[in-house]
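The values are calculated or read from the model by the stated rules, or taken from the named source; none is laboratory data. Predicted model, so just to flag it, every value in this text is computed and none were measured. Glycine also receives a Cβ, built like all others from the backbone with ideal geometry; neighbour counts cover every protein chain displayed.
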Ligand SMILES: Nc1ncnc2c1ncn2[C@@H]1O[C@H](COP(=O)(O)OP(=O)(O)OP(=O)(O)O)[C@@H](O)[C@H]1O
Ligand SMILES: Nc1ncnc2c1ncn2[C@@H]1O[C@H](COP(=O)(O)OP(=O)(O)OP(=O)(O)O)[C@@H](O)[C@H]1O
Ligand code: SF4
Ligand SMILES: [Mg+2]
Ligand SMILES: [Mg+2]
């Protein structure tokens, strides 16, 4: 098989926390706990999971915007973490972010044109004319009008601001675009505009997306493969069809069953699984499966409380980390 | 004439008629709620949907008698609760109503809980204020209420401060507080938007259960059509301060009459019973909700986003047409057979 665009191996990220008594050993939040995945060129990989499950932290660590505790991240086969400063700067430009909040992620004092062209200025020495042409092209591609180039962020609506964020992210033709909840702050009608735009741009420029969202309907529409995270771990990894039509992990099943749907057939077919209890304390991870405390099918005799289950193969493109699966 | 539906057998618990609320901002005065009528019966759930800024929260605040002072006023119309017009009621009467018969859950529980008191003390205070229960009895009752809303280890949690609880737990505390006095009407303004879907499912389950037990009427504000489908019997779609569609949920979702309702349903990638390999582009509703200073114009305020727009839409405000349980405000409604 050809090398994937991005490969992440055994990534771990821990955050030190001050809590309890000063003479006790430092405690860590295991925000990302031994996560591995690949992304192929031109595809969209989705990361889903509840708040605090480690989605954003994974993305930040992949782009080396935060330090990881352990693990390897390769872009085009080269180890990202071993690069010297200058090569890292250039390589990092190959990964761009689109953030959730189109309000706070744009510098209010810069014009739209200036914001959008920033990644190009950092990267290479382009002439004024080349720069202006790139900006014009990208404004056109994301559906902003040329006369809007001179406006400041507060003069745009939420959806337009997100278009500026998208233009900034793709102007330097990055290899990987990380979209962290790109439409969660937007109204549904504007959401549709932005989601259609992201898919159009992907086709047009052969973009690769790492797409984070807590909205499973959106994920279903946008992603080719999906990793489901729970408390820093990937508990299920699958192509889109199998994940949504036959989820295997008890958490994924509960998650999908909890999504309210307008489709009456779905409401009749999918039995709602209501989880009891709250997610466990990330500071005191349990030794076994992280989901065990809330799992409706937890079973001590198959090992749920001993060790985190390994990812098992369901099919060629579907894996699940659950002891119950083989039973 | 009365714009609302004819009452069913029992008189409505809540009857809002031709309510208009004016809001004054830097740009002038505009009807943030514009001639809105609807009814709600005991034990019923009515959902309000629409994009941001359409007046959903304002409607809720008006019912609670909590409209922002000075900048807003009830310009016309009435809000009858249990037969009493609350727009004419005294402050004392309203105060007595709130928390006893009428309760509200807000979107962000952290802003409505007091950070310096334990949740037990806060629930006890509500009970004291409205039912004259003393403090120690109040805390005992609070523990029971927390248990009822399924907070684990309620006897311990009752002494927690709000910041020591998770978002879902805080929202459950808010529900416990809203239910402390067994209200006849519970208004929930996007009670789960900040929560994970699995927690949302827990909260909705809880609301369902409590409604069945006490026959509470629920007015649920949401922007999620899936939530509407699962939770409500009837729905009202708001646009730019106006009620543009109303009807039984199943009917409206299957045959939306207003182009805006149709857009709201189709622009979202919903989970379906069976997923298909093929993904078609989402239907787009171009543009955005008009700003407040455009509210109130004598035209259809959706006109600049509508694919069916016509002369008439631009020069005349569409009246609400009523037929058999449904209502729409559009010159060219689409639900075939319903409004033709
Ligand atoms: N800078 C930080 N310092 C300490 N802990 C952190 C930091 N950033 C994240 N965490 C913790 O790491 C865990 C994972 O957080 P992360 O933001 O990655 O979650 P997420 O899946 O993106 O959640 P959300 O859906 O809420 O955005 C959480 O327990 C969070 O509290
Ligand atoms: N206190 C206030 N002062 C001035 N304007 C206000 C105030 N509260 C609301 N508005 C304006 O009134 C209009 C309706 O607001 P409302 O909060 O009812 O909308 P909503 O439908 O609840 O929206 P959302 O989905 O964002 O909660 C908006 O244009 C809003 O900006
Ligand atoms: S491993 Fe056990 S506890 Fe974890 S999800 Fe599977 S059955 Fe549940
Ligand atoms: Mg995040
Ligand atoms: Mg609101």
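Details
- Pairs where the first residue, in segment A:41-52, is within 11 Å of chain B (Cβ to nearest Cβ) and at pLDDT 95 or above and the second is within 7 Å of ligand 1 (Cβ to nearest atom) and assigned to a loop (DSSP other than H, G, I, E, B), C-beta under 7 Å, 6+ apart: A:48/A:214
- Only residues that are surrounded by fewer than 24 Cβ atoms within 10 Å (Cβ to Cβ), within 16 Å of ligand 2 (Cβ to nearest atom) and part of a loop (DSSP other than H, G, I, E, B) were counted across segment B:164-194, and they come to 3.
- Residue among A:51, A:104, A:87, A:82 that alone is under 14 Å from the mean Cα position of the chain (by Cα) and surrounded by fewer than 19 Cβ atoms within 10 Å (Cβ to Cβ): A:51
- The single condition from (1) part of a helix (DSSP H, G or I); (2) within 14 Å of another protein chain (Cβ to nearest Cβ); (3) farther than 30 Å from residue B:38 by Cβ that residue B:122 fails is (2).
- Every pair of residues 6+ apart whose Cβ atoms lie under 6 Å, when the first sits in segment A:19-37 and is on the phi > 0 side of the Ramachandran plot while the second is modelled with pLDDT of 90 or more: A:34/A:10; A:34/A:12
- Restricting segment A:246-255 to residues that are out of contact with any strand residue (DSSP E or B) (no Cβ under 8 Å at 6 or more places or on another chain) and more than 7 Å from chain B (Cβ to nearest Cβ), the residue that is surrounded by the fewest Cβ atoms within 10 Å (Cβ to Cβ): A:246
- A single member of A:277, A:288 is outside any helix (DSSP H, G or I), more than 16 Å from ligand 5 (Cβ to nearest atom) and touching a helix residue (DSSP H, G or I) at 6+ places or on another chain (Cβ under 7 Å), and it is A:277.
- Taking the listed residues A:295, A:223, A:304, the one that is away from ligand 5 (no atom under 16 Å from the Cβ), within 29 Å of residue A:29 (Cβ to Cβ) and touching a residue at least 60 places away in the same chain (Cβ under 8 Å) is A:223, with no other qualifying.
- When the residues of segment B:208-229 are filtered to those that are surrounded by fewer than 20 Cβ atoms within 10 Å (Cβ to Cβ) and within 12 Å of another protein chain (Cβ to nearest Cβ), the one that is nearest to residue B:60 (Cα to Cα) is B:223.
- Screening residue B:114 on (1) farther than 30 Å from residue B:169 by Cα; (2) in contact (Cβ under 8 Å) with a residue 40 or more places away in the chain; (3) touching a helix residue (DSSP H, G or I) at 6+ places or on another chain (Cβ under 7 Å) shows it passes everything except condition (1).
- Scanning segment A:181-190 for residues that are facing chain B (nearest Cβ under 7 Å) and over 14 Å from residue A:164 (Cβ atoms) gives A:187, A:188, A:189.
- Each residue in segment B:245-290 was checked for being over 18 Å from residue B:46 (Cα atoms) and facing another protein chain (nearest Cβ under 10 Å), and 25 of them qualify.
- Test result for residue A:34, surrounded by fewer than 19 Cβ atoms within 10 Å (Cβ to Cβ), more than 14 Å from every other protein chain (Cβ to nearest Cβ), within 16 Å of ligand 3 (Cβ to nearest atom) and at pLDDT 90 or above: yes
- Filter result for residue A:314 (touching a strand residue (DSSP E or B) at 6+ places or on another chain (Cβ under 6 Å), in contact (Cβ under 8 Å) with a residue 24 or more places away in the chain and within 14 Å of residue A:233 (Cα to Cα)): no
- Number of the exception - residue B:159 against (1) under 23 Å from residue B:210 (Cα atoms); (2) at pLDDT 90 or above; (3) outside any strand (DSSP E or B): (1)
- Selected residue (only one of A:216, A:201, A:195 is out of contact with any helix residue (DSSP H, G or I) (no Cβ under 6 Å at 6 or more places or on another chain), within 17 Å of residue A:138 (Cβ to Cβ) and crowded, with 20+ Cβ neighbours inside 10 Å): A:201
- For segment A:166-214, filtering for residues that are within 16 Å of ligand 2 (Cβ to nearest atom) and under 18 Å from the mean Cα position of the chain (by Cα) leaves 5.
- For segment B:47-86, the set of residues classified as in contact (Cβ under 8 Å) with a residue 40 or more places away in the chain, more than 15 Å from ligand 2 (Cβ to nearest atom) and at negative phi consists of B:76, B:78, B:79, B:80, B:81, listed by residue number.
- Residue A:275 being closer than 13 Å to residue A:249 by Cβ and away from ligand 2 (no atom under 16 Å from the Cβ): yes
- Selection status of residue B:232, touching a helix residue (DSSP H, G or I) at 6+ places or on another chain (Cβ under 7 Å), at the interface with another protein chain (Cβ under 9 Å from one of its Cβ atoms) and farther than 21 Å from residue A:193 by Cα: no
- Condition met for residue A:232 (more than 14 Å from every other protein chain (Cβ to nearest Cβ), closer than 25 Å to residue A:132 by Cβ and surrounded by 22 or more Cβ atoms within 10 Å (Cβ to Cβ)): no
- Some residue of segment A:264-280 being within 13 Å of another protein chain (Cβ to nearest Cβ), crowded, with 23+ Cβ neighbours inside 10 Å and touching a residue at least 40 places away in the same chain (Cβ under 8 Å): no
- Selection of segment B:307-327 for residues being surrounded by 20 or more Cβ atoms within 10 Å (Cβ to Cβ), in contact with a helix residue (DSSP H, G or I) (Cβ under 8 Å, 6 or more places away or on another chain) and not in a helix (DSSP H, G or I) yields only B:326.
- Considering B:83, B:77, the condition of being surrounded by fewer than 17 Cβ atoms within 10 Å (Cβ to Cβ), more than 18 Å from the chain's Cα centre (by Cα) and modelled with pLDDT of 90 or more is satisfied by B:83 alone.
- Those residues of segment A:1-27 which are modelled with pLDDT of 85 or more and either within 16 Å of ligand 1 (Cβ to nearest atom) or within 14 Å of another protein chain (Cβ to nearest Cβ) (or both), in sequence order: A:8, A:11, A:12, A:13, A:14, A:15, A:16
- Filter result (within 28 Å of the chain's Cα centre (by Cα) and more than 14 Å from chain A (Cβ to nearest Cβ)) within segment B:144-160: B:144, B:145, B:148
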